[in-house]
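Below: one structure, written as structure tokens.
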Amino acid sequence: MKFYLILMRIPLVILIILSGCETKNNYLNDLKYSTWKSIGYGRIIEIDSVEYKLYDLTKISCIPVKSGTLSDIQDVIKIKNDTLYYEVGFDIYSFKKIDHTPYICLENEKDSTDPKRNFEVFAQTIKENYAYFDLNNIDWEFIYPVFEEKIAYNTTEEELYLLFDELLDTLKDNHGYIQPSDEVLNQIDSHDDTEEEIGDFAVAKVIAEKYMIKDLTHDSNVVRWGFMADNIGYIQINAMWLHGNLHIPDSIIQSSGYISAYVDEMESISENEILQMEVNGIRQIMNDVMIDLKNTKCIILDVRFNGGGHDDVSLEILRFFNKEKKKIASKRARIGNTFTDELPIFLDKRISPYTNPVIMLTSQQSASATDFLALASLSMENIIRIGSNTQGAISDALEKKLPNGWYFTISNEEYFDLYGNCYENKGIPVDIELNYPEDRQEFFSSLLKAPEKDKQKTLNAVETLLTNNRINVGIFH
């Protein structure tokens, strides 16, 4: 759930302070009756006197995505010369002013349900934006005609969905996802005879109960913490979202489940507010956690069951262990046959952080924003990783719209550590390998069958690290 639709799903927005930027009144005047094309990402913003329209652009299509009033966006952007800037968390995105809206955007999309047309737009979007053709040894010129010939005028929606899904799998894109209509999903589900899977939250609960001798958890459905034996602290964070205080009644949570109730409540709140709530929520939780665990000799940070969420939440967590502002990574986006300039990513310091050893537990199920958490931790002296490599789904998920109204995501960015290493698909490596199964259900099943064995493996690794002084730490208690 990283950077999805520009202006449609904006995460935490912080105004950019740029020297030489125009005053608010001036840039509002410049905005009126203007058109802007993104540098990478395939976006067009068209603005008249009071409204804006957002489009997804390729060489063969221009799909309307969202519209709204100018007042909706005027406070989240700045203009300098012919460039429009805005900041999303640590990201800075740029749009160049163009003379007019591309003519293709002014035409009504014909044959919006035609499977061939939707395939063409889907394929062209991938061709222009996907970042990992080379890394994954993908020959697009070979793959495209193989899939194109499978499309006919009478291809059903279900068949189209399955073909798109197969193509994304062929790309080996960990953030590749297709979201069809509810009707199509219901058709797929109606003949899905796979066995019910073990849930990550269910496994996480069993493991936390086995690890902790004193549970201090309160006011969180996603974070657990407490004491293990020998004055070792334990923190288990199971998502990089779901931390906002949305004031959901307990009765609704009990009837719908926490995640469903949370998602339903989000629909009535702007994305800006949601992400601010997420960051504020995890900050409040971590404040409580670190007050409770401040005198431990080390902390195990367990994110093995965390499939991701918001990068801003990941950075907020790491701040509690960081004593000085530092660069922790960089990123760039696909643009044409090359990439944008690298954007440095920094982690802010925290006054009086926890500087004793932090042992991060990761697995192949640690994905997306949790990948990013592990990537950022590589630059932190008092954090070391054990378990197994993370999943390697680090790029932001670029969300796009098809003529038929379906949405899909692809990876269009490359993230790097401080030495220029990219871990997409490989995952962030660990310092001590605990040989977890790669398969999700096999991994979960192994933990449920032997949670005590898992705990002892973890503690043995921690003892090895502390005995051999493998971590550069602050003061031991």
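Observations on the structure shown:
- Qualifying residue in the stretch 362-376 (condition: touching a strand residue (DSSP E or B) at 6+ places or on another chain (Cβ under 7 Å) and either part of a strand (DSSP E or B) or assigned by TED's automatic domain parsing to the domain that holds Ala131 (or both)): yes
- Ile73 passes every criterion in (1) at pLDDT below 80; (2) more than 23 Å from Ser270 (Cα to Cα) apart from (2).
- Members of the stretch 38-48 that are in contact (Cβ under 8 Å) with a residue 24 or more places away in the chain and surrounded by fewer than 20 Cβ atoms within 10 Å (Cβ to Cβ): Ser38, Ile39
- Here His218 meets each of (1) assigned to a loop (DSSP other than H, G, I, E, B); (2) surrounded by 16 or more Cβ atoms within 10 Å (Cβ to Cβ); (3) modelled with pLDDT of 95 or more with one exception, condition (2).
- Asp348 satisfies every condition listed in (1) out of contact with any strand residue (DSSP E or B) (no Cβ under 6 Å at 6 or more places or on another chain); (2) surrounded by 15 or more Cβ atoms within 10 Å (Cβ to Cβ); (3) under 20 Å from Tyr415 (Cβ atoms) except (2).
- Restricting Tyr407, Tyr419 to residues that are within 17 Å of His175 (Cβ to Cβ), among the hydroxyl-bearing types (Ser, Thr, Tyr) and at pLDDT 95 or above narrows the list to Tyr407.
- Residue count for the stretch 137-164 satisfying the condition of being exposed (fewer than 12 other Cβ atoms within 10 Å of the Cβ) and assigned to a helix (DSSP H, G or I): 4.
- Exclusive hit being in contact with a Lys or Arg (Cβ under 9 Å, 6 or more places away or on another chain), within 18 Å of Asn404 (Cα to Cα) and of a type in the set (Asp, Glu), set Glu120, Glu148, Glu128: Glu148
- Selection status of Tyr86, modelled with pLDDT under 85 and within 24 Å of Pro344 (Cα to Cα): yes
- Test: residue in the stretch 284-301 that is within 17 Å of the chain's Cα centre (by Cα) and either surrounded by 17 or more Cβ atoms within 10 Å (Cβ to Cβ) or not hydroxyl-bearing (Ser, Thr, Tyr) (or both): no
The values are calculated or read from the model by the stated rules, or taken from the named source; none is laboratory data. Keep in mind that this is a model prediction, so the values were computed, not measured. Positions of Cβ are generated from backbone atoms using ideal geometry, with glycine treated the same way; all protein chains shown enter the neighbour counts.
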